[in-house]
Amino acid sequence: MNKIRPWKMILAVTMILSLLSACGSQGNGNANAPTTPKEDATNSATDNATPPDPLGKYAETVTVTEVLGYNPPEDPRTPSGITPEQNAYLKDLKEMMNIEVKYKWTVPSAQFEQKFSLAMASGDLPDVIEVDQKTYEKLKKQDMLADLTEAYDQYASPALKAYMDSDGGFAMKTFSADGKQLGIPAFEDPFLSTQLLWIRQDWLNNLGLQAPKTIDELEKVAQAFTNNDPDQNGKNDTYGIAMQKSLFFWGFDVRGFFNGFGAFPSVGDNQSAWIKGSDDKLLPGLIQPEVKTALGKLQQWYKDGIIDKEFALKDENKAVEDLTAGKVGISYGEWWYPNWPLNSSVDKDPKADWIAIQLPGIDGPAKSLVPKIRSNKIFVVNKKMKNPEAAIKMLNFYIEVGNKKYKDKNQAADGYVYNWFNPRIANPADIDTIYTEVNKALDANQTEITIDDANYKTVADTFKATKDFLAGDTTNASKGVNWGQYYSRAAKDGGWGLTRQIKENQQFVYNEFYGLPTATVVEKGGQLDKLMQESFTKIIMGGSIDDFDKFVDSWKALGGNQIIDEVNEWYSTEATK
Amino acid sequence: MKSLKKEYPLHIMLIPGVIVTLIYAYGPMAGLVMAFQQFEPLSGFFKSDFVGLDNFRYVFNLPDFKQVLWNTLVIAIIKMVLSLLVPLILALLLNEITKKWFAGFIQSAIFLPFFLSWTVLGGVIIELFSLNGPINGLISSIGLEPIMFMLDNGWFRGIIIGSDVWKGMGYNMIIMLAAITGINATLYEAAEVDGAGKWKQMLNITLPGIAPIIILLSVLGLGGILNAGFEQILIMYNPTVYAGADIIDTFVYRLGMFSQQFGPAAAVGLFKSVISLFMVSTTYYAAYKFNNYRIF
Amino acid sequence: MLHKQSFSRKLFVVFNTLLLTFITILGIIPFVHLLSISLSSNTAAMAGEVKLWPVGFSWDAYVYLGEKVEFFRSLGVSVKRVVLGSIVNLLLVFITAFPLSKSNDQFKFRTLYVWIFAITMFFGGGLIPSYIIVKNTGLIDSIWALILPGALNVWNMVLMLNFFRSIPRELDEAATIDGAGHWRVLWQIYLPVSLPSIATIGLFTIVGHWNAWFDGILYLNSPEHYPLQTYLSTLIMSINAQMSSMSVEQLKVMENLSEKTIRTAQIFMGALPIMVVYPFLQRYFVKGMTVGSVKE
């Protein structure tokens, strides 16, 4: 009997405390809710009387609360030790618009999601919020988002409107419901995701080979890269194609390789990609027979030593190491590789000459899988906020200060950290503007670029690097860094140059699904992903190729069939076609 | 009444500890309700739907769960045993080193890996055991076939366990060393006079002297029977060894891949807590029954 | 002391020295590796060419680090945290373990208290409720958020309690007869006698506070309040693995992260201060050797 008593007491204490703490949290959550000051109400009233000015100044200070997931400042000249609150852009915003930004908290971006869910649970949301698609849907469902339709119509600057219209309003439409604009999406050109093949021209030259157009040619090249000492250092220390343990990822993976077989398994988001079938239904790319053929080829390449024997062990950092060290001469990937990490490869070995080519396919260049939309951040406004238009004005502000007259003044060394400013939307056609403007200036032999709008800075940076690279000038940055800027963005045969051609020539296939992960994906997706990785890796490393059929059966049985139904349901009701 | 008066300073001493514990340890336990909810942060604990035991059913019925539970038990139990034995042996060996500076140096060095995170160490270990790594260099230099250690279920488990024991062994070793220094020095002097050798002294004085601490560490170690080392495995494993190295924690982590699933995660957490409480309290009472020693 | 050594003893000593030296080297190697990377050229580091000796020797990383305000600011926070936190922790452990080390007939409610504390070793509510409690007690964004919630480390307290039990009972019985109260017994008899165990637990406390990083992310709202390891964790973390495409901005982050030598230099410098603490505390371990003879 003696032993039982402490237990009872502990139980009682726990329960009482649980109740207490729970009540406490509830009370506090409510007390914290009305954060916007009273003055705002009168303020917005006076403001409405005058015709809306996208860049106008509030008569009385409007305080906007925000939270920030930040990355380190990009520019090395940024003052050491600066904090987001000290960002000089905030000072300018106050001066220009009389808007004061207050951060509830700031956190390194890798931890943002974690911290944000704590804020949600404690009922402590800021006024203007940067969210991902998932959180957007959650907030929408809980009816916590302000309707921005009017604020956008009245206050959005022409520049902002131009950005939003650049894709025909597709992204804006995606983030509206019942005629209400609930979020302003920051989106990018979906073709930034186009898969290319990066290959070392200097190795091809050393071995007297041509850039491959078909899988068979690629195989010959890769074999030669593996066995014939392409770097001519007298050692057998190279292999053909870079790869890592995640087959479908954001880089150094084999998405492009599968595309070469007309297989479209995934865009690298841990789930299947969806392609349009003959009967206007969406098919999961992951389980199509072309995937099996591609796996068979990878299996053979693994046996031949064309890919790393221990690829299954190595993450993207390892793949990057091998690329930099000159151990591997081919990698599938997107337009940005020269920018990073190939620039290090060039700096390490000045002879390294990387070129981009269209994906080799079974009989000639193949089509790449491309997403319908690339938008991983959306700006929304808390329904409780009194001045939703302040968010739109801040967007205007950010675009405005991108103009040349501000940009030349707003130096990183003076504490201007652009990537800490939110809400911030970049030109969705940013990269294409850089490409056309830089080439225009190059073709006309100009020494300065002519553009002076919000794209000024990025264009000028690339133009400078390009000039330096072409002149062999390394006073500002190393050869690799200059080349990386030039070859990723400006070169006609480079990363974006080639991507443009692929886009123009319709050499792509859309991933038709761009909705949220469906209910079954949320519940079973992790299991399915594990199943896929396990099965595919084992096949590549020498398992039976017919295990693919077993994989397809298990995938369907473990939830795949439901997912097919859910995705097609989405396609017929919600997709913007 | 008399005893109460005598004891009251003891109660006073406990007040600060009890207050802190009630607020910061018992307070959050209210969150255990998440295990029975379809918890959604925006709704909080009050508005989230109660789903009874659904979360438990969902997790326990997932096809891999049995395998994952088994992997966890195997890895955790071996780790548990070795991370007692190895530090014990090290402490005893170190106790025989007579040069103080040398003993001190070794102690520090053994404790060193404890300071590094798995994010840093994981990469080093993968490199160590890779095909081009030094271990395989050694193997091929004596004419054997190189081994892909990290891609083989058996080896991989061994490496996971070995490296974890290596990383953490300094911790328990220091506890044991502290216990050894607490042993009455006159006992050794008496044994010396009796002509007992070092080995006998170790068996008859040192080991019994630190027995309470060893029992304590074992009992508390059992509390970790379902903790096989999340961070380490997450960083070091790969698809070829999922079959043998996917553990409860990595499994739960994967459940949240597309959207954080608070309910199921809390259900697994609660399940683990109950199991470890059961393990520890049974061994606690066993140690008391058979040895008449209360570890706490 | 001049015991004639047998042959087997000599053999043992040689073997023992060799074995422990080997283990010592194993413990040091990762640090040598880190140091070498930090002293190499960045391209060599990025290409993974650095093993145990710098390739393309360069001080650049340390020169850069010398000007990095963030590093020194967070170092300052860490020092403050370790000092404050260790004092609070040790004090609480000390005064909590004392009453609980009494036997059940000396202190009637002992078992109840013990279990109040012990339960917290097994059950926790998870991040969200902990955050809510810390927020409601007004600690968010203050250094006390890193200290108070874990102010009483139960595991250390149980260790302390067991160390206390090895103190001969006659000591405090004699004192009690002299009319000393519990407090006096605690400060004047237990404190001096338990210096080695306090040093041991102090070491764990210091290391624990030094290495903790996640609570900083949770409870602190501005990066300028981050302790060193929280700050360092933001450098090691690669970008979100969930993302399926690299945006132009994330690309720039990757470029920055590839400053491998600087990152490594910071990891190394981050571990250095705490490595120095150990040998310092070791003096107290050695002093402990004489504890047994306190009792004349």
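Under the membrane-span-like helix rule (DSSP H runs whose alpha carbons stretch at least 18 Å along the helix axis, mean Kyte-Doolittle hydropathy 0.0 or higher), chain B yields B:2-21, B:65-95, B:153-181, B:207-222, B:262-291. Each helix, a run of at least 4 DSSP H residues, gives -39500 (n - 2.57); summed and divided by the residues of chain C, these come to -21000 deg cm²/dmol at 222 nm. Of the GluC sites (Glu not before Pro) found in segment A:428-506, the ones in coil according to DSSP and having at most 12 other Cβ atoms within 10 Å of their Cβ are A:448. Calculated on the alpha-carbon coordinates, the convex hull of segment C:1-58 measures out at 102 cubic angstrom per residue.
In this structure the amide hydrogen of residue A:66, modeled in the peptide plane, comes within under 5 Å of the amide hydrogens of A:102, A:103, A:104, A:127, none closer than 5 places in sequence on its chain. Each peptide in A:228-238, C:110-120, B:241-251 was scored by the mean count of other Cβ atoms within 10 Å over its residues; highest first, the order is B:241-251, C:110-120, A:228-238. Think of chain B as a dipole: +1 on every Lys or Arg Cβ, -1 on every Asp or Glu Cβ, centred on the Cα centre; then among B:69, B:220, B:251, B:220 lies furthest on the positive end. Look at the dipole of segment A:435-564 built from charges on Cβ: of A:474, A:527, A:540, the Cα furthest out on the positive end belongs to A:474. Counting every C-alpha pair in segment A:376-516, the share spaced more than 27 angstrom apart comes to 36%. For segment B:64-290, the Cβ-based charge dipole about the Cα centre amounts to some 320 debye (Lys, Arg positive; Asp, Glu negative; other atoms uncharged).
Within the listed set C:47, C:265, C:199, the Gaussian network model of chain C (springs between alpha-carbon atoms below 10 Å) gives the highest mean-square fluctuation for C:47. Sorted from greatest to least, the principal axis extents spanned by the alpha carbons of chain C come out as 76, 66, 33 Å.
Across peptide C:156-164, the mean count of Cβ atoms from other chains lying within 10 Å of each residue's own Cβ comes to 4.
The share of C-alpha pairs in segment A:506-577 whose separation exceeds 17 Å stands at 54 percent. Put a plus charge on the Cβ of each Lys and Arg, a minus charge on the Cβ of each Asp and Glu, and nothing anywhere else: the dipole of the protein assembly as shown about its Cα centre is then about 4660 debye.
Look at the stretch B:91-102: the mean tally of other chain Cβ atoms within 10 Å of its residues' Cβ atoms is 3.
The equivalent ellipsoid of chain A has semi-axes of 43, 34, 23 Å, largest first, where each one is the square root of 5 times an eigenvalue of the Cα gyration tensor. Taking a straight Cα-Cα cut-off under 18 Å and skipping sequence neighbours fewer than 8 places away in the same chain, the aspartates and glutamates within cross-link reach of residue A:104 are A:66, A:85, A:113, A:124, A:127, A:130, C:141, C:215, C:224. Shown for C:70, A:569: other C-beta atoms within 10 Å of each C-beta, ranked fewest to most, produce the order A:569, C:70.
Counting only Cβ charges, +1 for Lys and Arg and -1 for Asp and Glu, the dipole size of chain C around its Cα centre is about 860 debye. Think of it as helices only: each DSSP H run of n ≥ 4 in chain A is worth -39500 (n - 2.57), and spread over all residues that comes to -13500 deg cm²/dmol at 222 nm.
Select from segment A:437-518 those trypsin sites (Lys or Arg not before Pro) which occupy a DSSP coil region and have at most 11 other Cβ atoms within 10 Å, ordered by residue number.
On the way: sites: A:440, A:457, A:464, A:467, A:479, A:489, A:492, A:500, A:503; in loops: A:492.
For trypsin sites (Lys or Arg not before Pro) across segment A:437-518 that sit outside H, G, I, E and B with at most 11 neighbouring Cβ atoms in 10 Å, the list is empty.
The eigenvalues of the Cα gyration tensor, multiplied by 5 and square-rooted, give segment A:335-421 an equivalent ellipsoid with semi-axes of 39, 24, 11 Å from largest to smallest. Length, then width, then depth: along the principal axes, the Cα atoms of segment C:22-123 run 69, 37, 25 Å.
Counting partner chain Cβ atoms within 10 Å of every residue's Cβ in B:258-264, what's the average? Can you show the working numbers first?
Numbers: counts 15, 11, 5, 3, 5, 0, 1.
Going residue by residue through B:258-264 and averaging, the value is 6.
Between segment A:469-495 and segment B:115-178, the alpha-carbon centres lie 42 Å apart. Put simply, when B:166-174, A:93-101 are sorted by average Cβ atoms within 10 angstrom per residue, most first, you get B:166-174, A:93-101. Most tightly packed first, judged by the mean number of other beta-carbon atoms within 10 Å of their residues, the peptides A:104-111, B:84-91, A:240-247 read A:240-247, A:104-111, B:84-91. Taking N as the residue count of segment A:242-390, its C-alpha radius of gyration divided by 2.2 N^0.38 Å amounts to 1.29.
Helix A:289-304 sits at what angle to the longest principal axis of chain A, using alpha carbons and giving 0 to 90 degrees rounded to 10? With rounding to tens, the tilt is 60 degrees. Helical content alone sets the calculated 222 nm signal of chain B at -21500 deg cm²/dmol, taking -39,500 (n - 2.57) per DSSP H segment of four or more residues and averaging over every residue. Both radii come from the Cα set of segment A:284-323: Rg as radius of gyration, Rh as Kirkwood radius; their ratio Rg/Rh reads 1.08.
Do any chymotrypsin sites (Phe, Trp or Tyr not before Pro) in segment A:240-289 lie in a loop, going by DSSP, with at most 14 other beta-carbon atoms within 10 Å of their beta carbon, and if so which? Sparse-neighbourhood loop chymotrypsin sites (Phe, Trp or Tyr not before Pro): none present. Each of A:336, C:59 has some number of other Cβ atoms within 10 Å of its Cβ, and from fewest to most they run C:59, A:336. The Cα-based radius of gyration of segment B:1-52, divided by its Kirkwood radius, gives an Rg/Rh of 1.35. Centre-to-centre, using Cα atoms only, segment C:107-157 and segment B:242-295 are separated by 19 Å. Note: relative contact order over chain A, using C-alpha pairs below 8 Å and six or more positions apart, is 20 percent. Here the alpha carbons of segment A:71-151 define both size measures, Rg and Dmax, at 15.3, 43 Å. Taking 32 Å as the limit for the C-alpha separation, the pairs A:464/C:260; A:314/A:524; A:213/C:51; A:327/A:377; A:91/A:503 exceed it in the case of A:213/C:51; A:327/A:377; A:91/A:503.
Using only the alpha carbons of chain B, what is the convex hull's orientation-averaged projected area in square nanometres?
Result: 23.8 nm².
Each of A:158, B:119, C:100 was placed along the dipole of the protein assembly as shown (beta-carbon charges, centred on the mean Cα), and the one lying farthest toward the positive end is C:100.
Mean sequence separation of contacting Cα pairs (under 8 Å, at least six apart), scaled by the length of chain B, corresponds to a relative contact order of 29 percent.
Can you work out D for the protein assembly as shown in µm² s⁻¹ from Stokes-Einstein, where Rh is the Kirkwood radius over C-alpha pairs, the temperature is 25 °C and the viscosity is 0.890 mPa s? In µm²/s, the coefficient is 75.
Quick note: the coordinates plus some simple rules give every number you see, no bench work behind them. All values reported here derive from a predicted model rather than from experimental measurement. Heads up, the Cβs are rebuilt from the backbone with ideal geometry, glycines too, and the neighbour counts pull from every protein chain shown.
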